[in-house]
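Undergrad: What follows is a single structure, and I will ask about it in a moment.
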Amino acid sequence: MTGGGLKAALRSLVQGTDDSARAPADRAERLLREAENHSPNWFWQTDRNGRIAYLSDKIVAVFTGIGIDPMGKPLVDLLRIAGDDAAQAPPPGDAERTIAFHFSARTAFTDYAVAPASRGPGEHHWTVSGSPFTDPYGRFEGFVGTGTDLAAVRQSDAAITRLALFDSLTGLANRQRMRMSLEQTLAQPSYDGTALFLLDLDRFKAVNDTMGHPVGDALLKQVAQRLLRTVGDAGLVGRLGGDEFQVVLPRIGSRAEMATLAQAIITALSQPYFLNGAAVSIGCSVGIAVSPDHGVDPDALVANADLALYAAKGAGRGVARFFNDAMLDGERSRRQMESDLRVALSLDQMRVVYQPVVALDDSRITGFEALLRWEHPTRGTLLPHEFLPIAEECKLIESIGEWVLRTACHDAAAWPGDTRLSVNLSGTQFANPALPAIIANAVARSGLPAERLELDLEEAAVLRDVPAAIGTCAALHGIGVRIALNDFGAGPGSMSCLRRVPFDRIKIDRSFVRGVGDPEGRNAAVVRAIATMADALGIDTTAKGVEYHDELTVLRELGCSEVQGFVYGQPLDGANAAARLLDEGGALTPRGPKAPRLPRTRMLRSTTIEVNGTRRSARIRDLSSNGALIDLIDFDESAIGTTLRIDIGGGQWTAATLRWAEDGRAGLHFDHPIVVERRTTIRRAAGRGTGQ
């Protein structure tokens with residue numbers, strides 16, 4: 001008899017006893033039969049391996065009707081999570097993984113809406129519940145549970161149950177289902193430990209902003225599929241919302257196994273995705289907390305996994321980090337900084353400094369970019385990247401940004417002539433519908449002519465809502481202010497921004513400026529292309545992050561109109577900026593190094609140089625593979641560019657070009673590289689001549 005397993009178990013309770021003792025078992029069997037035959041309920045039981053040991057006859061008949069003998073088959077192979085239609089159906093294998101998770105964790109589950117995995121004549125919809133049971137000695141024996149037939153009028157309940165427990169976009173478990181599963185797993189009286197992975201997608205927001213929400217949704221669905229394939233039966237995968245995912249892993253083994261799985265997830269999610277005919281690349285960061293070491297309740301485990309995820313992002317993203325106690329110190333420090341930031345403006349701890357923007361044709365200051373500094377009472381001077389992300393998180397970015405705008409406009413109003421002021425806007429500021437009114441008020445109160453104010457925008461702020469961005473830019477142009485696209489070329493949508501929004505200036509990202517003088521690199525060609533395109537569009541160009549004299553020379557030749565960077569020294573406060581404009585008509589002399597330096601060996605050693613056949617004594621102070629700093633010798637300014645020879649040690653001579661000379665010191669650039677093996681050992685690079 002198919003249903004004999006559970007009924008036989010009832011009889012075995014009274015086997016060998018008298019008739020009066022057998023009566024309760026007979027009564028229980030009659031009640032079981034009545035429930036099976038005359039109610040929508042049915043019963044099932046598995047062995048410790050999850051295979052069917054008992055199943056009510058009427059459900060056996062359903063499977064027999066579609067050509068399946070269910071006895072001895074794994075329960076997860078017989079059922080699938082049910083939905084009203086194909087659009088609501090979960091990804092293949094989701095039901096198996098959902099129920100298999102409970103089997104693996106040995107936790108109870110309630111009212112899962114299911115249907116036969118293999119479709120046959122007629123439609124069958126059930127809800128199933130189950131819980132683990134043990135023998136008298138506490139040893140796990142399997143699962144026992146019930147099922148209930150759902151009439152057509154109750155099929156909508158299946159959809160409601162599904163919406164309550166599963167993410168409608170990806171079909172993964174939702175936040176509520178993940179919370180319930182984690183609670184059940186941690187509540188087990190004995191377990192080998194549970195790992196919680198928190199995942200955050202890197203660069204997903206850029207894809208969503210630049211390619212649109214439908215593409216972002218399609219990307220999330222592919223991410224969900226990759227997660228399911230990578231995690232497999234090891235754990236339960238869920239989506240918490242947005243681009244945040246979670247994995248609960250019961251009884252996973254060592255930390256090494258966790259790290260291996262986390263790296264496999266990162267690798268899988270970092271492979272290119274193909275959406276709308278385009279290849280898209282994102283990444284993933286993972287934070288890991290392990291119970292009981294990192295918490296014995298869901299709240300503690302989630303909080304600590306979140307700290308680990310924050311550390312993974314701080315480590316450069318695309319990595320996994322386990323929680324450790326030091327992260328609590330970091331979180332306390334972050335909270336303290338947030339608290340300090342809330343009173344920084346009222347305590348007058350913020351200040352604005354100004355970096356000169358210089359025209360390449362005459363080396364005169366055309367404007368200044370306003371830069372924020374925080375004079376923290378215990379941490380010293382903090383740069384924007386050290387505290388603005390916290391300001392974004394705690395919703396202070398708009399008030400800080402407006403303070404910078406008003407302060408900078410007030411300072412700039414006192415500058416002579418038509419000197420321009422450049423102020424950066426955060427994405428939050430730009431998205432504020434009141435921005436044009438705020439700008440108009442700031443210039444009116446300061447007395448700064450609107451045409452002297454230039455607002456720097458990041459491409460992500462523009463692409464988040466292009467129609468709204470076009471409207472805001474039109475309103476700002478109506479006031480008279482100029483608009484610049486900041487860090488041009490650094491993001492994936494710079495050209496799209498330039499095509500759709502009327503910018504007055506583009507600021508070339510420093511990554512293209514760095515190495516622009518390298519004849520074997522491509523940065524010069526990229527900068528030339530940007531400058532040529534901007535000129536054709538009637539847009540000004542500013543190269544950012546210039547640090548070396550050589551970069552100035554090349555950028556001038558490539559057609560850039562303006563530059564800014566440390567080559568002209570550190571940013572100035574408002575008073576010094578005004579004074580600098582009056583000094584020599586605002587002309588600036590580059591102060592930075594002449595060229596990027598390779599690693600140098602510091603020394604103090606006598607040498608000899610030969611200029612036009614005449615030998616003179618000198619002293620080497622710094623030496624690298626492509627140049628040297630010498631002193632004890634004076635050169636005229638007219639000698640710069642002269643070729644000479646220098647004894648680099650041991651009677652070895654090499655040809656060099658005089659690059660600069662001032663105050664008894666000079667910089668030489670070797671015509672051919674040398675190899676500096678140790679402080680005292682120098683030899684020529686293989687295949688190079690000495691120039692002697």
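Undergrad: For the peptides 69-78, 196-205, what is the packing order when you average, over each peptide's residues, the other Cβ atoms within 10 Å and list the highest mean first?
TA: Answer by packing, highest mean first, reads 196-205, 69-78.
Undergrad: Over region 457-612, what is the relative contact order in whole percent, taking alpha-carbon pairs under 8 Å and six or more residues apart?
TA: This gives 16 percent for region 457-612.
Undergrad: Here's something else I'd like to know. Roughly what would the spin-label model give for Asp504 and Ala434, points 7 Å off Cα along C-beta, in nm?
TA: Between Asp504 and Ala434, the label points sit 2.5 nm apart.
Undergrad: State to the nearest 20 debye the size of the charge dipole of the chain about its Cα centre, where the only charges are +1 on K and R beta carbons and -1 on D and E beta carbons.
TA: For this selection, approximately 1520 debye.
Undergrad: Under a 1.4 Å probe, what is the accessible area of region 235-308 per residue, stated in Å²?
TA: Per-residue accessible area for region 235-308 comes out at 37 Å².
Undergrad: Charges on Cβ only, +1 for Lys and Arg, -1 for Asp and Glu, centred on the Cα centroid of the chain; of Thr381, Gly650, Leu632, which one is farthest towards the dipole's positive end?
TA: It is Gly650.
Undergrad: If you don't mind, another one. By a straight-distance test (C-alpha under 24 Å), which lysines pair with Lys544 as possible cross-link partners, with residues fewer than eight away in the same chain excluded?
TA: Hits, sequence-local ones excluded: Lys507, Lys594.
Undergrad: Would you mind checking the tilt of helix 298-314 against the longest principal axis of the Cα atoms of the chain, expressed as 0 to 90 degrees and rounded to 10?
TA: Computed tilt is about 30 degrees.
Undergrad: Given a 1.4 Å probe, how much area per residue of region 556-666 is accessible, in Å²?
TA: That works out to 52 Å² for each residue.
Undergrad: Suppose every K and R has +1 on its Cβ and every D and E has -1 on its Cβ; what is the size of the dipole of region 524-677 about the Cα centre, in Debye to the nearest 20?
TA: Dipole magnitude for region 524-677 comes out near 580 debye.
Undergrad: Exactly which GluC sites (Glu not before Pro) in region 429-537 are in a DSSP loop and have at most 12 other Cβ atoms within 10 Å?
TA: Glu520
Undergrad: On to the next question. Tell me the accessible surface of His213 in square angstrom (1.4 angstrom probe, heavy atoms of protein chains only), to the nearest ten.
TA: Here the accessible area works out near 120 Å².
Undergrad: Would you mind working out the accessible area per residue for region 341-404, using a 1.4 Å probe, and quoting it in Å²?
TA: Per residue, region 341-404 has 46 Å² of solvent-accessible surface.
Undergrad: On a 0 to 90° scale, report how tilted helix 549-558 is relative to the longest principal axis of the chain, with both axes built from alpha carbons and the result rounded to the nearest 10.
TA: Around 80 degrees separate the two axes.
Undergrad: By average Cβ neighbour count within 10 Å, what is the ranking of 501-507, 259-265 from highest down?
TA: Order by mean packing, descending: 501-507, 259-265.
Undergrad: Using a 1.4 angstrom probe and counting only protein chains, how large is the accessible area of Ser638 in Å², to 10?
TA: That residue has around 100 Å² of solvent-accessible surface.
Undergrad: Keeping the other protein chains in place, figure out the carbon and sulfur percent of the accessible area of the chain, with a 1.4 Å probe.
TA: 51 percent
Undergrad: Now for a different question. Which value, in Å² and to the nearest 10, is the accessible area of His124 when all protein chains are kept and the probe is 1.4 Å?
TA: 70 Å²
Undergrad: OK, next. Lys/Arg Cβ at +1, Asp/Glu Cβ at -1, dipole of the chain taken about the Cα centre: which of Asn49, Ser346, Leu371 is farthest positive-ward?
TA: Farthest towards the positive pole: Asn49.
Undergrad: Moving on to the next point. What aspartates and glutamates could a cross-link reach from Lys221, if we take a straight Cα to Cα line under 13 Å and drop same-chain neighbours fewer than 8 places away?
TA: The qualifying aspartates and glutamates are Asp167, Asp243, Glu244.
The values are calculated or read from the model by the stated rules, or taken from the named source; none is laboratory data. It should be emphasised that the depicted structure is a prediction, and the values quoted were computed from it without experimental measurement. Here the Cβ is made from the backbone with ideal geometry for all residues, glycine too, and neighbour counts use every protein chain on show. With ligands, DNA and RNA removed, areas are computed over all heavy atoms of the protein, side chains included. Shrake-Rupley method; radii C 1.70, N 1.55, O 1.52, S 1.80 Å.
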